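Read through the structure below, which is laid out as structure tokens, and then see the notes.
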Amino acid sequence: MTDLATLMAERDWILADGATGTNLFAMGLEAGEAPELWNVDEPEKVLTLYRSAVEAGADLFLTNSFGGTSARLKLHNAQSRVRELNIAAAKLGRQVADAADHPVVVAGSMGPTGDLMEPVGTLSHADAVEIFAEQAEALMEGGVDVLWLETISAPEELAAAAEAIARTGAPWCCTMSFDTAGRTMMGVTSTAMVELVNNLPNKPLAFGANCGVGASDLLRTVQGFVDGNASLPLIAKGNAGIPKFKDGHVHYDGTPELMGDYAVLARDSGAKIVGGCCGTMPEHLRVMRDRLTTTSPGPRPPLEEITSRLGAFSSDTDGTGQALSPARRPRRRRA
């Protein structure tokens, strides 16, 4: 097993994997189908997903368990299979990591429940803790190196997951999705996330942003973490360009070259763990690895450089009230 904290101490940067959904759709996953069922029904395809990231140079990959809570699996009448499906996801990941020719971290993906928490919704803190704990325990039983909470919007949900993970004693990381004019859907800004993480009794090894709108927006958020005096290592896992609906499917317009630029800019903006999210394929990861390896660290890029190389921001501000750069029309996610 690979210890992420040790790896971060030894390395200037760590390359994380790319998309899960986009790659599985390319293998035949149908819209509306639960990817987690493939951990049992199509294990060879899940192994291919993991191996493709490792062979492209990733030091860390996420398990196929994003929707592996009972809250999400109930949509597919599979809420009783949480332990089975998450253990399977982790064991497949362990199989690939243990066979790799370089140290690889298996990160147990944990996505949002999909339910709104009290007082806005009906999901209580206690119930959310139990939901996340069930998944966390199964992923650890299956052999993941670290738990990885991702695409969270609500601070209450992040706090509940952190409490659940504390029960396992496992190391963990977390990312939120800043897809609404520099904020998460529930209004969290980059500086607010820094404060939120700092106040958690069970602090993660690293935190940051994933998904959202485009790579430019995500890097603006990463720089917001730095400006908010983040004391923990940062994560940048941005989409491969902007989603566009074409021929009945969502496509992302980010080229491997664009994602290579993004990777270097992410590192120089302050991110320790750099990866891709929706639309990021192995061909993107290979260029990202090459660029990170061959490009020396540079100064923090100004926002104007980010937009000139990756495209305009989707909003005029980063959510904190500061006016920044010309915007493009926002587009929604995810694949």
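The values are calculated or read from the model by the stated rules, or taken from the named source; none is laboratory data. Here the structure is a predicted model, which means the values were calculated and not measured. Note: ideal-geometry Cβ built from the backbone for every residue, glycine included; neighbour counts use all protein chains shown. To get the accessible areas, we keep the full protein, side chains included, count just its heavy atoms, and leave off ligands, DNA and RNA. Shrake-Rupley method; radii C 1.70, N 1.55, O 1.52, S 1.80 Å.
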Set Leu29, Leu7: member being under 27 Å from Glu141 (Cα atoms), assigned to a loop (DSSP other than H, G, I, E, B) and open to solvent by less than 30 Å² (accessible area, probe 1.4 Å): Leu29
Matching residues in the range 216-267 - criterion: being touching a residue at least 60 places away in the same chain (Cβ under 8 Å), under 15 Å from the mean Cα position of the chain (by Cα) and closer than 14 Å to Thr22 by Cβ: Lys237, Asn239, Ala240
Matching residues, the range 112-140, being open to solvent by 10 Å² or more (accessible area, probe 1.4 Å) and in a helix (DSSP H, G or I): His125, Ala126, Asp127, Glu130, Ile131, Glu134, Glu137, Met140
Condition met for Ser109 (touching a Gly at 6+ places or on another chain (Cβ under 7 Å) and surrounded by 24 or more Cβ atoms within 10 Å (Cβ to Cβ)): no
All positions within the range 10-22 that are surrounded by fewer than 23 Cβ atoms within 10 Å (Cβ to Cβ) and in a helix (DSSP H, G or I): Glu10, Gly21
Number of positions in the range 162-207 that are of a type in the set (Gly, Ala, Ser), surrounded by 16 or more Cβ atoms within 10 Å (Cβ to Cβ) and under 18 Å from Gly224 (Cα atoms): 6
Matching residues, the range 69-80, being assigned to a helix (DSSP H, G or I) and without any contact (Cβ under 8 Å) to a residue 24 or more places away in the chain: Lys74, Gln79, Ser80
The range 97-106: number of residues that are over 21 Å from Cys173 (Cα atoms) and surrounded by 15 or more Cβ atoms within 10 Å (Cβ to Cβ): 1
Residue list for the range 32-49, filter: in contact (Cβ under 8 Å) with a residue 40 or more places away in the chain, closer than 17 Å to Arg83 by Cα and surrounded by fewer than 23 Cβ atoms within 10 Å (Cβ to Cβ): Ala34, Leu37, Val40, Pro43
Residue in the range 320-333 that is modelled with pLDDT of 95 or more and among the small types (Gly, Ala, Ser) present: no
All helices (runs of 4 or more DSSP H) inside the range 188-294 with 3 or more residues being closer than 20 Å to Ala159 by Cβ and out of contact with any strand residue (DSSP E or B) (no Cβ under 6 Å at 6 or more places or on another chain): 190-198
